[in-house]
1. Can you tell me which condition S150 does not meet? The list is (1) in a loop (DSSP other than H, G, I, E, B); (2) under 30 Å from L78 (Cα atoms); (3) of a type in the set (S, T, Y), and all the others hold.
2. (1) over 30 Å from Y489 (Cβ atoms); (2) outside any strand (DSSP E or B): which one isn't true of S103, the others all being true?
3. Any idea which residue in region 572-587 is modelled with the highest pLDDT, counting only those that are under 36 Å from the mean Cα position of the chain (by Cα) and either not assigned by TED's automatic domain parsing to the domain that holds F525 or not in a loop (DSSP other than H, G, I, E, B) (or both)?
4. Tell me whether region 172-188 contains one or more residues that are assigned to a loop (DSSP other than H, G, I, E, B), assigned by TED's automatic domain parsing to the domain that holds P274 and on the phi > 0 side of the Ramachandran plot.
5. Within region 190-227, take every residue that is among the polar types (S, T, N, Q) and surrounded by 18 or more Cβ atoms within 10 Å (Cβ to Cβ) and give me the one that is farthest from G147 (Cα to Cα).
6. Please work out if D449 is without any contact (Cβ under 8 Å) to a residue 60 or more places away in the chain and surrounded by fewer than 18 Cβ atoms within 10 Å (Cβ to Cβ).
7. Working only within region 176-217, note down all residues that are more than 17 Å from A157 (Cα to Cα), touching a strand residue (DSSP E or B) at 6+ places or on another chain (Cβ under 9 Å) and of a type in the set (S, T, Y).
Amino acid sequence: MKKYAILLIFATYVFTVTAQESFFTQTETKYWDNSRTYTGYTLFGTRGTSYLIDMEGHVIHTWNIGTNPRFTDNGNLLDAVGGNPSSQNSWKELDWNGNTVWSYTETRSTYHGHHDFVKIYNPKLGDSTFMYIANKDLTAAQCLAAGCDSVNSYTGAQMDAIVEVNRQGTVIWEWCFFDHVVQDKYPSKPTYGVVANTPGRIDINMTGNPVKSDWIHCNSLDYNQDSDFVVINSVHGEFYVINHGATFIANQPTSSIALAATSAGDFLYRFGDPAKYDKGDPPSVLANWEKATSGHKQLGGSHDIQWIKPGLPGAGHFLVFNNAENLFELTPQSYIVEINPYLNSAGVNTGNFVNPPLAGYNQVNSPDNNLMKEKKNVSKQIVWMYSSKNNTSLYSTIGSSAQRLPNGNTLVCSMNDGHFFEVSPSDTSIVWEYINPMTRDGIKRIKKDNYPTYNGVFRAYRYSATHPALVGHTLTPGNTMTGATPNYYTPADVNFIKELEKASIPDMLNQNYPNPFTNSTTIDFEINEPKQISIIVFDMAGNQVKLLMNKKCSQGKYSLSWDGYNDGGNRVTSGMYFYVLKADNYKLSKKLIYYK
């Protein structure tokens, strides 16, 4: 539990809840407001291991698999084998003890599984099935016959498919983008049509993006049992809804696959980039080439498309992590976006899918001039959106996830920095924050500047103790991943610091320099009147490391140095420390980082 004995040591004049731009940051739980969180257990996979942790970061359980894990409704752990979300042809379902209770491997050489999968209950079959995304190989002859522009070779061409298998591992349904294409260049081809009038199909000759290997690069899918629909998301900034129920025939795989390839399998709805079907403006550089516009494009590099589950706030809406790559924003940042696909231009819920361009857009200015963003078009179907105030605090170029929680909060995983946080919907405040300590170089208590995904996590999920995967199991907290005692901020710390900021304390304690340091660092301070002064270095656990000064000081400016040795004459270990100025009945404190 949190060590309140060191509360005063946290009395700094700078307090940050969300992860601001920095070169060094403490990993594991950083903040917890337990009165506002959806308290439970967080599941994530990293470096081949799945971890289940409590809110303080104690490890509850682990599994020897860790790519993109999630719990199934029957209480098992489902994940891909191999550790790479971008390439996976084998999946396993494990029980609590790590025993394999089900597995499937795609053995067809022309199918290449990747990124996402989901276990569903197929109501027409009356049984559970498994769906996954796979790139399906195409020949050049197939591409040309479908109306691809003849100027390209199409060697290695692929398009994504959604494959469904039953519990026996038999393919019982398949849907592929290749069967739902349109083009306006070759009238003699069966795919010919007016792209703008055919939103249910994808333009096979999109400007600047000819069919190639991993052409659409889908990275997530979800299933809605109530409607029997599937949604699949492309990293290029669109997601598509497909009618599974209208294209699936129980116990007739051949007929189901054939039916899914007809117009019955065309998109019911698409969102994200209407320029792809000639219904909006694409991103572009403006006449003053130092500025740009996103046009009508809403998503870029997006991940983790999903329906918000029944019974949750926003049920039936879409939730997606909008990485916001390729949106032409001068200062990019990521967003979490909730979309109601049934809204029309008047904001009325029609109960039916409305093509987003028909719903229209709001012209939205940046909330702060220092974000340096142009006015942009925001779809009227977007009903909630979260982004950090400081655009450097949340920007993940790859992966990432979002999950709506029962109390209305949203759990976010930002892959680039292994950053998990829970955000409240009312005031978009952060109520819990965690940094994954597992890096390419092992577990780290302090994460320093490094390349993206150094401690990356593809997704994270929160589960309550009543979830079938946890019921009946001992959820005794073990050590944290680093082995350190949890040491995080709480609202009490924040309030204490706010009160300290209001206090009139004329004495001054400056930030040490250099910081971080290796050999020696200098600490400057100023005293407004004669008094007894102590300056002490503490470690993160609140233990005294080095007494730097303890004497009566007259009014004036002072400077002292610390060489990284403790009171016992030994060099301390690399990490974060606090130096505290004690004077009369108050304390001033700042952080420093020693690195050897």
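The values are calculated or read from the model by the stated rules, or taken from the named source; none is laboratory data. Just so we're clear, the structure is a prediction, and the values are computed from it rather than from any experiment. So basically every Cβ, Gly included, is an ideal-geometry build from the backbone, and we count neighbours across all protein chains shown.
1. Failed condition: (2).
2. (2)
3. Filtering region 572-587 down to residues under 36 Å from the mean Cα position of the chain (by Cα) leaves 572-579.
Checking the rest, the ones that are also either not assigned by TED's automatic domain parsing to the domain that holds F525 or not in a loop (DSSP other than H, G, I, E, B) (or both) come to 575-579.
On the way: G575: 86, M576: 86, Y577: 89, F578: 88, Y579: 92.
It comes out as Y579.
4. Our first condition is that a residue be assigned to a loop (DSSP other than H, G, I, E, B); within region 172-188, this holds for 180, 184-188.
After this cut, where a residue has to be assigned by TED's automatic domain parsing to the domain that holds P274 as well, the list is 180, 184-188.
Going one step further and asking which of them are on the phi > 0 side of the Ramachandran plot, we end up with none.
So far as region 172-188 goes, no, none of its residues is assigned to a loop (DSSP other than H, G, I, E, B), assigned by TED's automatic domain parsing to the domain that holds P274 and on the phi > 0 side of the Ramachandran plot.
5. First, pick out the residues of region 190-227 that are among the polar types (S, T, N, Q): 191, 197-198, 205, 207, 209, 213, 219-220, 224-225, 227.
Okay, now just the ones that are also surrounded by 18 or more Cβ atoms within 10 Å (Cβ to Cβ), so 191, 198, 205, 219-220, 224.
Working: T191: 7, T198: 15, N205: 8, N219: 26, S220: 27, N224: 33 Å.
Going through the qualifying residues, I end up with N224.
6. Working: without any contact (Cβ under 8 Å) to a residue 60 or more places away in the chain: no; surrounded by fewer than 18 Cβ atoms within 10 Å (Cβ to Cβ): yes.
So D449 fails the test.
7. Y186, T191, Y192, T198
Every residue, every condition in (1) within 19 Å of the chain's Cα centre (by Cα); (2) surrounded by fewer than 20 Cβ atoms within 10 Å (Cβ to Cβ); (3) of a type in the set (S, T, Y), yes or no:
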residue: L343; (1), (2), (3): no, no, no
residue: N370; (1), (2), (3): no, yes, no
residue: M385; (1), (2), (3): yes, yes, no
residue: S388; (1), (2), (3): yes, no, yes
